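Below you'll find the structure, written out as structure tokens, and then a few comments.
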Amino acid sequence: MIPVDVAAITATLGMLHLFFRRDIPVTYDVSLLKTPASVIKDPATFRAGWIVLFLLLVGFFVLEPLGIPISAIAATGAAVLFIVAKRGHAINTGKVLRDAPWQIVIFSLGMYLVVYGLRNAGLTESLSDVLNLLAEKGLWAATFGTGFLTAFLSSVMNNMPTVLIGALSIDGSTATGVVKEAMIYANVIGCDLGPKITPIGSLATLLWLHVLAQKNMTITWGYYFRTGIIMTLPVLFVTLAVLAWRLSVTL
């Protein structure tokens, strides 16, 4: 899948340049930038963060196969960082907890309940029927249809439940062979790129917008949607096209 990765990265960089080329300064004064060390408020927490990140990476690969939930591994790492930061007194951990976007956590849980309710109401069966029609049209139709369908669903009901719904729908379809393989990859691509269309498509986007709002930098949903749809659709099209071409070579 290296050609697909290269195509996605190249298309993304190309769209970023086309859209923001007038806003990117040709030159800038390096002396106006702060030294990296000056922005580290708590060296102990900074160093501990790197250690925790490394241990988390190891833990995901080693402990998860043993039956330990990924959430427990991540929560342990967060707890260690919190304790280190609290002992350092440079970071107001109480304020961090108070200002955390808990409403986003509630939103994500609510979204999962809604999506699972839709699944129980027959959503996956309906999507499987649509995927069956796409599979009958061949590799290219299945690739583009699945990719754009899951991208749309990710943009309106978040990408994490959508990738699960997509996987269940593909598994329940009659697609086989390279067509089913294309659907699986297209589902992942659509759920990765689709969330860039709307703010609710990705929890990371909601968290980032929350952080920006705390710094008095407001990005309206209308501007985000206009920018997201202009930037995302061409990248999605190019990536899916290269995916279909790559898999057609192995036919």
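The values are calculated or read from the model by the stated rules, or taken from the named source; none is laboratory data. These numbers come from a predicted model, not from an experiment. We place every Cβ from the backbone using ideal geometry, glycine too, and count neighbours over all the protein chains shown.
Scan the stretch 114-129 for residues that are of a type in the set (Gly, Ala, Ser) and exposed (fewer than 12 other Cβ atoms within 10 Å of the Cβ) and report the count.
Residues of the stretch 114-129 that are of a type in the set (Gly, Ala, Ser), as a first pass: 117, 121-122, 126, 128.
Now restrict to residues that are exposed (fewer than 12 other Cβ atoms within 10 Å of the Cβ): 117, 121-122.
Total satisfying the criteria: 3.
Sort out which residues of the stretch 34-72 are more than 19 Å from Gly88 (Cα to Cα) and either in a loop (DSSP other than H, G, I, E, B) or touching an Asp or Glu at 6+ places or on another chain (Cβ under 7 Å) (or both), and write them in order of number.
Lys34, Thr35, Leu63, Gly67, Ile68, Pro69, Ile70
Kindly indicate whether any position in the stretch 106-125 is at pLDDT 85 or above and either of a type outside the set (Lys, Arg) or over 21 Å from the mean Cα position of the chain (by Cα) (or both).
Filtering the stretch 106-125 for residues at pLDDT 85 or above gives 124-125.
Then drop every residue that is not either of a type outside the set (Lys, Arg) or over 21 Å from the mean Cα position of the chain (by Cα) (or both), which leaves 124-125.
Scanning the stretch 106-125 turns up at least one residue that is at pLDDT 85 or above and either of a type outside the set (Lys, Arg) or over 21 Å from the mean Cα position of the chain (by Cα) (or both).
Yes or no: Ala213 surrounded by 15 or more Cβ atoms within 10 Å (Cβ to Cβ) and in the same structural domain as Trp140 (by the TED database)? Lay out the reasoning, then the answer.
Working: surrounded by 15 or more Cβ atoms within 10 Å (Cβ to Cβ): no; in the same structural domain as Trp140 (by the TED database): yes.
So Ala213 does not fit the description; no.
With the condition kept exactly as written, say whether any residue in the stretch 24-33 is in contact with a helix residue (DSSP H, G or I) (Cβ under 7 Å, 6 or more places away or on another chain), more than 28 Å from Gly228 (Cβ to Cβ) and in a loop (DSSP other than H, G, I, E, B).
Looking for residues that are in contact with a helix residue (DSSP H, G or I) (Cβ under 7 Å, 6 or more places away or on another chain), more than 28 Å from Gly228 (Cβ to Cβ) and in a loop (DSSP other than H, G, I, E, B), one finds none in the stretch 24-33, hence no.
Within the stretch 191-200, is even one residue in the same structural domain as Tyr112 (by the TED database), aliphatic (A, V, I, L, M), surrounded by 14 or more Cβ atoms within 10 Å (Cβ to Cβ) and farther than 19 Å from Met15 by Cα? Let's see the steps before the verdict.
First, pick out the residues of the stretch 191-200 that are in the same structural domain as Tyr112 (by the TED database): 191-200.
Pick out the ones that are also aliphatic (A, V, I, L, M) and you get 193, 197, 200.
Imposing the further condition that a residue be surrounded by 14 or more Cβ atoms within 10 Å (Cβ to Cβ) reduces the set to 193, 197, 200.
Among the residues that remain, those that are also farther than 19 Å from Met15 by Cα are: 200.
Yes, there is a match, as at least one residue in the stretch 191-200 is in the same structural domain as Tyr112 (by the TED database), aliphatic (A, V, I, L, M), surrounded by 14 or more Cβ atoms within 10 Å (Cβ to Cβ) and farther than 19 Å from Met15 by Cα.
Residues Asn92, Asn158: which one is without any contact (Cβ under 8 Å) to a residue 24 or more places away in the chain and either small (Gly, Ala, Ser) or out of contact with any Ser or Thr (no Cβ under 6 Å at 6 or more places or on another chain) (or both)? Even if it seems obvious, please write down each step before you answer.
Numbers: Asn158 fails: without any contact (Cβ under 8 Å) to a residue 24 or more places away in the chain.
Going through Asn92, Asn158 in turn, just one is without any contact (Cβ under 8 Å) to a residue 24 or more places away in the chain and either small (Gly, Ala, Ser) or out of contact with any Ser or Thr (no Cβ under 6 Å at 6 or more places or on another chain) (or both): Asn92.
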